[in-house]
Amino acid sequence: MIMQPHSNISISTITLQEASGGHSAAKKKKLPDDVVYTWGRGVSGVLGHGNNDDCLEPTPVANTDFGGGVLQISGGYMHLAILTLQGSIYTQGHPEDGRLGLGEEAYTSPCNVPQLVRGSRTKVSGLHAADLKASTGGKTDAKKGAVVAATGERLEGAHADEFSDNYSGDGDDGSDGKGKREGGGEKEHAVNLPLCRVVECGGAHSAMLDKDLNVWIWGSNRYGQLGLGTNLPDPCQLVPRPLLFFNGKGVCAVNLGFRHSCAVTLYGLLYVWGSHDCGQIGVKCNDYEPLPRVCDSLMHKPIVQVAACGSHTLAVSVFEHAQNAKFEEWKKSVLKQDEQRRKSCSAQFIDFLRGEAAQQARLRSNTWYEDAS
């Protein structure tokens, strides 16, 4: 047992550190790339050393090439996420409940080296926006080259091109990695995530904040901690899903506890959801809250920072609004709009899942038919 501070890396070179659930991580600046060190309990490969062994001293993770630099490290319960300067996310550790966001391929076996989180996999043809209808669950307008995504947002021009660029192949079956293949036909693609600003790990779930301040979330939803609604066909989401409730709200911070989640908007509104068995989300509800709900008791005190811990939450406010008639009118308006969002977003996400399941069934059927032929 080490009874005094000890390290095999210079303290002056450490620029990031994270400790969680029996393991720790730190980033050392070493040109031209950053090196991520981990140590502690190695169960399920959470340390990323290529094995499941415990490690008593800081040791570099197996994959040291993170595209030029590391922006953030976040640790959860038996999993770890690394955010690069290029906005990509790598995860490692225990795969149960989809907390790594790596899809079905990595759902059953531990991931003991960092793996890139790419999003869901689907089949599309070509690069044009009109070809993305089936894969997004949205509608397309071929005449105007626009995409209406599953969120209902209309993307035109450069935005449609950017959306299309999030679809990339891996070069199998003669593909050029751009969605094309000799002889035509369909190709399986990984639907890449938008550029990430912040990544957070919780108990058995994870979340990210993208470049447009939208929230993506994945992993266990057994206590409503994903905030995707009720009556979902599966208690877990194996790949990142857009949390539709926050589209356009301007979320600037997201933080995850063991079974609950929090987000703060640019207006200082604190939203909470997930387990409430210990009162950790601070709103009136039963055992859990399946959709984001504003913490109305703090609406007059704009929140600048929040920390969702194991079964409790901390929030920081720096000033207080006067609770006059104008404030009460604004508060009532926010609560009314939020309730409308809660109803519509839950239904939209269920429709999206149904469309996705139907498409996957068609793809499996086509694959069986081609193999049988």
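The values are calculated or read from the model by the stated rules, or taken from the named source; none is laboratory data. Every value quoted in this text rests on a predicted model; they were computed, and no experiment measured them. Here Cβ is always computed from backbone atoms with ideal geometry, including for glycine, and neighbour counts include all displayed protein chains.
Hey, can you tell me all the residues within the stretch 93-123 that are in contact with a helix residue (DSSP H, G or I) (Cβ under 7 Å, 6 or more places away or on another chain) and either at pLDDT 90 or above or over 18 Å from Leu226 (Cβ atoms) (or both)?
Once the filter is applied, which keeps residues that are in contact with a helix residue (DSSP H, G or I) (Cβ under 7 Å, 6 or more places away or on another chain) and either at pLDDT 90 or above or over 18 Å from Leu226 (Cβ atoms) (or both), the stretch 93-123 yields Gly93, His94, Pro95, Leu100, Pro110, Cys111, Asn112, Gln115, Thr122, Lys123.
Counting just the residues of the stretch 202-238 that are in contact with a strand residue (DSSP E or B) (Cβ under 6 Å, 6 or more places away or on another chain), within 15 Å of Leu116 (Cα to Cα) and of a type outside the set (Phe, Trp, Tyr), which one comes out surrounded by the fewest Cβ atoms within 10 Å (Cβ to Cβ)?
Here the answer is Met208.
With the condition kept exactly as written, say whether any residue in the stretch 269-277 is modelled with pLDDT under 95 and surrounded by fewer than 17 Cβ atoms within 10 Å (Cβ to Cβ).
yes
What number of residues within the stretch 295-313 satisfy the criterion of being surrounded by fewer than 18 Cβ atoms within 10 Å (Cβ to Cβ) and within 17 Å of Ser275 (Cα to Cα)?
5
Given the conditions (1) modelled with pLDDT of 95 or more; (2) within 28 Å of Lys211 (Cα to Cα), and given that Glu328 satisfies all but one, which numbered condition is not satisfied?
(2)
Could you please find all residues in the stretch 314-334 being out of contact with any strand residue (DSSP E or B) (no Cβ under 6 Å at 6 or more places or on another chain), surrounded by 14 or more Cβ atoms within 10 Å (Cβ to Cβ) and of a type in the set (A, V, I, L, M)?
Within the stretch 314-334, Val334 is the sole residue that qualifies.
Report whether or not His321 is in contact with an Asp or Glu (Cβ under 7 Å, 6 or more places away or on another chain), of a type outside the set (A, V, I, L, M, F, W, C) and either farther than 16 Å from Gly268 by Cβ or not assigned by TED's automatic domain parsing to the domain that holds Gly75 (or both).
Taking the combined requirement at face value, the residue does not satisfy it.
Given the conditions (1) modelled with pLDDT under 80; (2) under 28 Å from Lys211 (Cα atoms), which single one is not true for His6?
(2)
For the stretch 285-297, enumerate the residues that are in contact with a strand residue (DSSP E or B) (Cβ under 8 Å, 6 or more places away or on another chain), under 13 Å from Leu335 (Cβ atoms) and either modelled with pLDDT under 95 or not charged (D, E, K, R) (or both).
The answer is Pro292, Val294, Cys295.
Within the stretch 50-81, work out how many residues are assigned to a loop (DSSP other than H, G, I, E, B), farther than 24 Å from Trp218 by Cβ and in contact with a Gly (Cβ under 9 Å, 6 or more places away or on another chain).
The number of residues fulfilling the criteria is 3.
Determine whether the stretch 302-311 contains at least one residue that is more than 25 Å from the chain's Cα centre (by Cα) and hydroxyl-bearing (Ser, Thr, Tyr).
No, there is no match, as no residue in the stretch 302-311 is more than 25 Å from the chain's Cα centre (by Cα) and hydroxyl-bearing (Ser, Thr, Tyr).
Is it true that Cys295 is free of Cβ contacts under 8 Å to residues at least 40 places away in the same chain, within 30 Å of Lys326 (Cα to Cα) and of a type in the set (A, V, I, L, M, F, W, C)?
Taking the combined requirement at face value, the residue satisfies it.
In the stretch 266-301, how many are under 19 Å from Thr230 (Cβ atoms) and either of a type in the set (D, E, K, R) or outside any loop (DSSP other than H, G, I, E, B) (or both)?
15
So Ala263 clears everything in (1) of a type in the set (A, V, I, L, M, F, W, C); (2) out of contact with any helix residue (DSSP H, G or I) (no Cβ under 9 Å at 6 or more places or on another chain); (3) part of a strand (DSSP E or B) except one condition, right? Which one?
Of everything listed in (1) of a type in the set (A, V, I, L, M, F, W, C); (2) out of contact with any helix residue (DSSP H, G or I) (no Cβ under 9 Å at 6 or more places or on another chain); (3) part of a strand (DSSP E or B), Ala263 misses just condition (2).
Mind checking whether some residue in the stretch 230-239 is under 17 Å from Val306 (Cα atoms), assigned to a loop (DSSP other than H, G, I, E, B) and of a type outside the set (S, T, N, Q)?
Checked the stretch 230-239: no residue is under 17 Å from Val306 (Cα atoms), assigned to a loop (DSSP other than H, G, I, E, B) and of a type outside the set (S, T, N, Q).
Somewhere in the stretch 293-312, is a residue over 28 Å from Phe258 (Cα atoms) and among the hydrophobic types (A, V, I, L, M, F, W, C)?
no
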